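One structure below.
The values are calculated or read from the model by the stated rules, or taken from the named source; none is laboratory data. Nothing here was measured: the structure is a model prediction, and the numbers come from that model. Note that we place each Cβ from the backbone using ideal geometry, even for glycine, and neighbour counts take in every protein chain shown. The accessibility values were calculated without ligands, DNA or RNA, using every heavy atom of the protein model including side chains. Shrake-Rupley method; radii C 1.70, N 1.55, O 1.52, S 1.80 Å.
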Amino acid sequence: DANGTTMTVQGSIQATQLIQTSARDLKTDFDELDETSVLNDLVSLPVMSWRYKSDGTSVRHFGPVAEDFTQTFGLGDGKHISTIDAHGVTMAAIQGLHRIVQERDAEIESLTERITKLESLVESLGKRTPIKK
């Protein structure tokens, strides 16, 4: 752009790593996320196999299209998906999934304890001598 802050490339860029600036002191307007909601939105996001029109027919990619990503998460401009947004959505969804797994583990533990108590009760009832008339 006119300020020299955007470089547009039509084609591939190869590098050993891409380092994105992400320091807290460069950011503002932080908001909490509902990670489970992000997970549910991610599950609803169409993810397909596709190729760019400029790719050869043997090239395949996996992922969403920018229009769906923007509609689902309100991120991006509908033509591009920032890798930092894609990573953020993925991390939030993983945290949401982790929360669900933790809740299910606690529920399983509680149910296992109840079953153990019930089995013990049934066993003790079976050992009682029946009352004879």
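Using a simple spin-label model with pseudo-atoms 7 Å out from Cα toward Cβ, Ser110 and Tyr52 lie 5.1 nm apart. The figure for Met91 is an accessible area of roughly 120 square angstrom, using a 1.4 Å probe on the protein chains alone.
Using only Cα atoms, tell me the angle between helix 35-44 and the longest principal axis of the chain; keep it within 0 to 90° and round to the nearest 10. Helix 35-44 and the main axis of the chain meet at about 70 degrees. Across the range 97-106, coupling constants 3J(HN,Hα) worked out from phi with the 6.51/-1.76/1.60 Karplus curve, θ = phi - 60°, read 5, 4, 4, 4, 4, 4, 5, 5, 4, 5 Hz, and Gly and Pro carry x.
Taking the protein heavy atoms of the chain in the context of the full set of protein chains, the accessible area attributed to carbon and sulfur is 55 percent at 1.4 Å. Size descriptors for the chain, from the alpha-carbon set: Rg then Dmax equal 26.3, 101 Å. In the Gaussian network model of the chain, springs joining C-alpha atoms below 10 Å, which of Ser22, Ser44, Ser82 carries the largest mean-square fluctuation? Among Ser22, Ser44, Ser82, the largest mean-square fluctuation in the Gaussian network model of the chain belongs to Ser22. Report summary: the helix-based calculation at 222 nm, which adds -39500 (n - 2.57) for every DSSP H run with n ≥ 4 and divides by the residues of the chain, gives -16500 deg cm²/dmol. The residues of the chain present an accessible area of 89 Å² per residue when probed at 1.4 Å with all protein chains retained.
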